[in-house]
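**Student:** This is the structure, below, for whatever I ask next.
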Amino acid sequence: MSFFQLYYSNIISELLLNRFYYIDNLFNIPKLDKVILSFKYKNPSEKLIIKSLLTLEILSGRKAKIIVRKKSNLKFKSGQLVGCKVILRNLDILKILSKILFIKNPNKPQKKLKKNVLNLNINSLYFMPEFENQYSLLNNLSNLNITLVFNNSRVSELLFLDSLLKCNL
């Protein structure tokens, strides 16, 4: 078991039980279903897509997928490259959260809360050990979008979880 898994199962779940009273069903405690890492652009070049693909593969250890525009409008054609993403589940979630959440980040990420989703935008990845000397790789990349999807939770539970993680979010 990793540190994050032990911390979540022992400390965070008990604090959630005490705070929100899951008496009827203990399976209603919010759990992290998946984490989505993505880069999105308006008009990317192929070099920029390749750089972002490589960055996501180094960061997650999984193969990234290219996002293609489905609908066309006045400005953009359908089939145009938009960005790339990686969807992580199970043990990969624990690895990426220990990398992103518990490393000292000098920049505060921007947060957005929805029903069962917590979105984070990280401006630069230079604070991570994998990318300290990789300025040419990270030069023109956009913000890294991190989406944490929980199985069932309310906004109040997500705010409480955010305060319990005690990380740089």
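**Student:** Under 9 Å between Cβ atoms, at least 6 apart or on separate chains: pull out the pairs that start in the range 78-93 with a residue that is touching a residue at least 40 places away in the same chain (Cβ under 8 Å) and within 17 Å of N145 (Cα to Cα) and end on any residue that is assigned to a strand (DSSP E or B) and aromatic (F, W, Y).
**Tutor:** G83/F39; C84/F39; K85/F39
**Student:** In addition: Looking at the range 66-95, which of its residues are β-branched (V, I, T) and under 17 Å from S52 (Cα atoms)?
**Tutor:** Across the range 66-95, the qualifying residues are I66, I67, V68, V82, V86, I87.
**Student:** Right, something else. Among the residues of the range 91-103, are any assigned to a loop (DSSP other than H, G, I, E, B) and either modelled with pLDDT of 75 or more or crowded, with 18+ Cβ neighbours inside 10 Å (or both)?
**Tutor:** no
**Student:** Say we look at the range 144-164 and pick out the residues that are under 14 Å from the mean Cα position of the chain (by Cα) and not in a helix (DSSP H, G or I); which of these is farthest from V35 (Cα to Cα)?
**Tutor:** Top of the filtered list is L144.
**Student:** Across the range 145-169, what is the total count of residues that are in contact with a helix residue (DSSP H, G or I) (Cβ under 8 Å, 6 or more places away or on another chain) and of a type in the set (A, V, I, L, M, F, W, C)?
**Tutor:** Total satisfying the criteria: 8.
**Student:** If G83 satisfies every condition in (1) touching a helix residue (DSSP H, G or I) at 6+ places or on another chain (Cβ under 7 Å); (2) farther than 26 Å from N116 by Cβ but one, which is the exception?
**Tutor:** Here G83 clears every test but (2).
**Student:** I'd like to verify a number: residues in the range 19-56 that are of a type in the set (D, E, K, R), free of Cβ contacts under 8 Å to residues at least 12 places away in the same chain and closer than 22 Å to F131 by Cα, how many?
**Tutor:** So the count comes out to 1.
**Student:** Given the residues L125, L141, which is the only one that is part of a loop (DSSP other than H, G, I, E, B), farther than 30 Å from N18 by Cα, modelled with pLDDT of 80 or more and in contact with a Leu (Cβ under 8 Å, 6 or more places away or on another chain)?
**Tutor:** L141
**Student:** Evaluate the following for S52: is it on the phi < 0 side of the Ramachandran plot and modelled with pLDDT of 85 or more?
**Tutor:** yes
The values are calculated or read from the model by the stated rules, or taken from the named source; none is laboratory data. A quick note: this is a predicted structure, and the numbers were derived from the prediction, not measured. Here Cβ is always computed from backbone atoms with ideal geometry, including for glycine, and neighbour counts include all displayed protein chains.
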